[in-house]
Amino acid sequence: MTKPFPTRLRLTNRAIDEISALPPGKRARRYWDTVVPAMLVQFSATGTPSFVLRYTKLDGTDGDFSIGPVSRVALDSARAVAKAALNDLEAHGIDPVEARRQARAEARTPKLTTFADLAEAFIESRAALRPGNAQLDEVFFLRRYVLPEIGSRKFDKITVQCVMDLVTAIKTEVGERKRRKGADGKCTSNACHRAIKRVYKWACNKELATRNPGDFKCMFPIKRAKRRGRLDAHRFNLFWTATTKRFDYIGRSKAGALAILLYMTTLQRPIDVARAKREHIDLDKRMWVVPEDYTKTGYTYYIPLSEPVARLFRIAMRISDGEFLFPSNRKNGPHLDEHALTAGWIGARDRLLKSGALDDEDVELYDARRFGRTQIRKKLGFSNEVAEAVINHVGDQNSMSLLYDVDELLPEMIAAHDKWCVEIDAMTNGGLSSVLDFLEDGVG
């Protein structure tokens, strides 16, 4: 009678062959190696032997790490793999199963080597955040000017000087074409610089890159004539009244008009109002937080909500039951296009001009944001720093720590937002309070 094999023995190729030849009824499922005691040969239900490492996980439970079938992995190699896995676990706390899972995930992930790879991954990530939205300006500038020049270069080899040279070349190229009057290439080159900078900023946040070669000051600052006095309290009241009148005969749930009111009361960028998401607004904490991946500037915005603004948001949330507070009624995206606010403003301006109430057609949508900031600083008495934080204006990069230290500025920001809505109610002769009552009565 053949002596049965012990379940713990010095595994050899011959021993494994002999064990494999045993009938299933006389064969144990596991045979442990005495050379590497944590390694064993395990037989499947069909009788196929494989090398396995039994180890203790970091949480104290047992785990099995499959080294591979005996038919494909040599015994010495299996022992070497088992020893290396145990060493990594003991010395570095690396779970072999988790390490293999991560390696497989990384293998399935496309390798990003060139700047074009990086830029397209950035574009794809932004598209996922803004589905259906007209593609970002960055997409045009990257694909039209940047990728043809540096797209094939390895992104980790691109230097600050390389980006500076490219930005300068783009300015020269566009300036020489002079396809429109006064075109000097500054706007285009600055836009390309911003696009490169944002790609690398995203890549650094994702730990795909370790540095940002576009992180330097604007090379070609543009000094535009300041628009002073385009909007005052009287004109603000005219536009407020013209906007709120739209609810009388278009419908109380008209998204564009409600979005304009939120723009005038919060002083945020029209694009941020147009694509406001329910999940970004906490009415209990009275705070609207726009994540950095969702903003024009790449910085998180913190907007305290005054009571009137919170009421406007509640109205918007009752009207829309989707993720966006202002859903689009067209096929160009899931939310209202920012240009709808501009169109609404122009419509109000045309009606005011036609009626003779307004004597100047050069009043833009953005003048409301400029006017609000000026009033917060000059009339309501807040510092320039608070006024800039209220409108989430990104100026000098070096001042960001000051402008966006929310813990320090938040109390004054809350007070500024509250007083701005009080000022609106005064400028509009109670128009803010009355439109809130009207809309709340209409939506129930």
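Bear in mind these aren't lab numbers, they're just calculated from the coordinates by the rules spelled out. The structure displayed is predicted, hence computed values, not measured ones. Quick reminder, even Gly has a Cβ in these numbers, built from the backbone with ideal geometry, and neighbours come from all protein chains shown.
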Once the dipole of the chain is set up from charges on Cβ (+1 Lys and Arg, -1 Asp and Glu), the residue from the list 247, 146, 222 lying farthest towards its positive end is 146
Against the longest alpha carbon principal axis of the chain, how many degrees, from 0 to 90 and to the nearest 10, is the axis of helix 115-129 turned? 70 degrees
Note the angle between two axes, namely the Cα long axis of helix 366-378 and the longest principal axis of the Cα atoms of the chain, as a number of degrees from 0 to 90, rounded to the nearest 10. 80 degrees
Helix axis angle, 338-355 relative to the chain longest principal axis, alpha carbon, degrees: 10 degrees
Using DSSP to define loop residues, name the trypsin sites (Lys or Arg not before Pro) in region 1-72 whose beta-carbon has at most 12 other beta-carbon atoms within 10 Å. 10, 29, 72
Which lysines have a Cα less than 18 Å from the Cα of residue 354, not counting those fewer than 8 places away in the same chain? 245
Quick one: Debye curve from the C-alpha atoms of region 233-443, no solvent, what's log10 I(q)/I(0) at q = 0.16, 0.17 Å⁻¹? -1.10, -1.25
Within straight cross-link reach of residue 83, meaning Cα distance under 21 Å, which lysines are found once same-chain residues fewer than 8 apart are removed? 57
Once you charge only the Cβ atoms, +1 for Lys and Arg and -1 for Asp and Glu, what is the size of the charge dipole of the chain about its Cα centre, to the nearest 20 debye? 1380 debye
Restricting the count to DSSP beta bridges whose residues both fall in the chain, what percent are antiparallel, rounded to a multiple of 5? 90 percent
To the nearest 20 debye, what charge dipole does region 8-108 have about its Cα centre, counting +1 at the Cβ of each Lys and Arg and -1 at the Cβ of each Asp and Glu? 380 debye
Picking from 265, 422, 85, whose Cα lies most toward the positive end of the charge dipole for the chain (charges on Cβ: Lys, Arg +1; Asp, Glu -1)? 85
What is the ratio of the Cα radius of gyration of region 10-156 to 2.2 N^0.38 Å, with N the residue count, to two decimals? 1.66
What's the magnitude of the charge dipole for region 233-443 around its Cα centre, counting Lys and Arg as +1 and Asp and Glu as -1 at the beta-carbon? Answer in Debye, nearest 20. 700 debye
For the chain, with a Gaussian network of springs between Cα atoms less than 10 Å apart, report the residue from 93, 214, 431 with the top mean-square fluctuation. 93
The chain, Gaussian network, Cα under 10 Å: of 369, 177, 108, the residue fluctuating most is 108
Under a cut-off of 22 Å between alpha-carbon atoms, report the lysines in cross-link reach of residue 197, not counting same-chain residues fewer than 8 places apart. 111, 154, 157, 171, 186, 206, 217, 223, 296
Hey, got a sec? Which GluC sites (Glu not before Pro) in region 324-387 land in a DSSP loop and have at most 11 other Cβ atoms within 10 Å? 361
